[in-house]
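Single-structure report; data block below.
The values are calculated or read from the model by the stated rules, or taken from the named source; none is laboratory data. Here the structure is a predicted model, which is why all the values come from computation and not from measurement. Glycine also receives a Cβ, built like all others from the backbone with ideal geometry; neighbour counts cover every protein chain displayed. The protein model used for the area step is the full one, side chains on, heavy atoms only, and it has no ligands, DNA or RNA in it. Shrake-Rupley method; radii C 1.70, N 1.55, O 1.52, S 1.80 Å.
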Amino acid sequence: MNETGPTRALDMNTIVGSHDILLVTLDTLRYDVAAAQAEAGLLPGLLPPGVRWERRHSPGSFTYAAHAALFAGFLPTPVTPGPHPRLFAATFPGSETTAAGTWVFDAPDLPAGLARAGYHTVCIGGVGFFNKLTPLGSALPGLFAESHWEPEFGVTNPASLEHQIDRAAEVLTRVPGPVMLFLNVSALHQPNHFYLPGATGDSLDSHAAALRYVDRHIGRLYALMRRRRPCLAIVCSDHGTAYGEDGHAGHRIGHEVVWTVPYTHFVLESHAAV
């Protein structure tokens with residue numbers, strides 16, 4: 001399998017304020033599966049021309065931990081020796097990953113920092129940590145000015161991403177100003193066997209089939225963002241998951257298939273009418 005090179009560096013001080021920001025977490029997506037599907041040419045919707053996955057390490061081994069770090073500005077870390085400058089960073093004395101191109105915010109979390117910069121922040125949840133049905137399931141959505149979750153967005157609905165994008169369309173239509181839109185894609189998470197015809201249990205093959213489902217529909221989300229203004233899209237996994245490797249199943253464990261995730265970012269140029 002071919003390794004990917006580093007993602008193009010950005011000066012975030014020119015991005016914030018001039019671009020919408022889209023953060024998509026492909027919950028539980030493994031790097032090896034994402035890379036193999038991309039290498040086979042099966043992800044034309046997720047990865048625009050010239051865009052490739054970068055192999056990175058997650059800041060957490062399960063959804064809550066990883067997203068708590070993401071929302072503090074700690075995106076997945078390149079696997080090569082660092083330090084690696086970050087796109088976003090909270091004010092923090094002595095930070096070795098805050099560089100000239102880093103957008104620094106004086107707030108406890110990225111949504112709050114972007115809100116202070118004039119962004120309307122929106123969370124469209126997927127897995128249970130975003131379902132707002134319990135205090136814990138409300139903690140991460142509570143960082144945003146506006147948050148949404150319905151059972152149709154969750155892991156048991158085979159059309160979850162379509163429903164999530166429907167909600168994104170409604171939000172983007174009524175919010176004219178700068179937006180930071182976060183969408184947690186639940187489709188990759190177990191159970192995913194229903195994306196593979198005839199399968200009765202989850203497997204790496206059904207995980208890959210779920211990714212192809214996401215690829216078929218994510219382009220509609222990109223198109224919605226293009227209709228507004230230029231948009232920085234950050235697309236990554238929060239963590240991977242095990243399907244029997246070394247006897248492990250699932251995540252929240254310190255295994256290579258859990259810590260290693262795909263990451264990319266790119267700019268969606270605006271197609272808005274002049």
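Couple of notes before you dig in:
- Residues of the stretch 132-168 that turn out to be in a helix (DSSP H, G or I), open to solvent by 20 Å² or more (accessible area, probe 1.4 Å) and within 15 Å of His67 (Cβ to Cβ), as a count: 5
- Lone qualifier among Ala72, Ala107, Ala100, Ala65 - being closer than 23 Å to Arg252 by Cβ and either in a loop (DSSP other than H, G, I, E, B) or in contact with a helix residue (DSSP H, G or I) (Cβ under 7 Å, 6 or more places away or on another chain) (or both): Ala72
- Across the stretch 135-160, the qualifying residues are those that are of a type in the set (A, V, I, L, M) and in contact with a Pro (Cβ under 8 Å, 6 or more places away or on another chain), and the one among them that is farthest from Asp27 (Cα to Cα) is Ala145.
- Scope the stretch 144-195; condition in contact with a His (Cβ under 9 Å, 6 or more places away or on another chain) and of a type in the set (Lys, Arg); matching residues: Arg167
- Within the stretch 167-193, considering residues that are over 30 Å from Ala115 (Cβ atoms) and at pLDDT 95 or above, the one farthest from the chain's Cα centre (by Cα): His193
- Residues considered: Thr134, Thr121. Of these, the only one that is in contact with a strand residue (DSSP E or B) (Cβ under 6 Å, 6 or more places away or on another chain) and either modelled with pLDDT of 95 or more or under 30 Å from Met12 (Cα atoms) (or both) is Thr121.
- Residues of the stretch 190-241 that are in contact with a helix residue (DSSP H, G or I) (Cβ under 8 Å, 6 or more places away or on another chain) and hydroxyl-bearing (Ser, Thr, Tyr): Tyr195, Thr200, Ser203, Ser206, Tyr213, Ser237, Thr241.
- Look at the stretch 65-83: where a residue is on the phi > 0 side of the Ramachandran plot and a partner is crowded, with 20+ Cβ neighbours inside 10 Å and not basic (Lys, Arg), sitting 6+ places away or on another chain with Cβ atoms under 7 Å, you get Gly73/Phe88; Gly73/Ala89; Gly73/Leu110.
- Considering Thr28, Thr77, the condition of being out of contact with any helix residue (DSSP H, G or I) (no Cβ under 9 Å at 6 or more places or on another chain), under 30 Å from Ala249 (Cβ atoms) and of a type in the set (Ser, Thr, Tyr) is satisfied by Thr77 alone.
- Condition met for Leu29 (within 17 Å of the chain's Cα centre (by Cα) and not in a helix (DSSP H, G or I)): yes
- Failed criterion for Thr91 (all others in (1) closer than 30 Å to Thr241 by Cα; (2) open to solvent by 40 Å² or more (accessible area, probe 1.4 Å) hold): (1)
- Which listed residue is at pLDDT below 95 and open to solvent by 10 Å² or more (accessible area, probe 1.4 Å), from Ala38, Ala69, Ala9: Ala9
- Considering the stretch 188-217, the residues that are outside any helix (DSSP H, G or I) and polar (S, T, N, Q) include one that is surrounded by the most Cβ atoms within 10 Å (Cβ to Cβ), namely Asn192.
- In the stretch 218-257, residue least open to solvent (accessible area, probe 1.4 Å) [restricted to those that are in a helix (DSSP H, G or I) and under 21 Å from Tyr31 (Cα atoms)]: Ile218
- Top-ranked residue in the stretch 169-187 [being open to solvent by 20 Å² or more (accessible area, probe 1.4 Å) and part of a helix (DSSP H, G or I); ranked as farthest from Arg220 (Cα to Cα)]: Arg174
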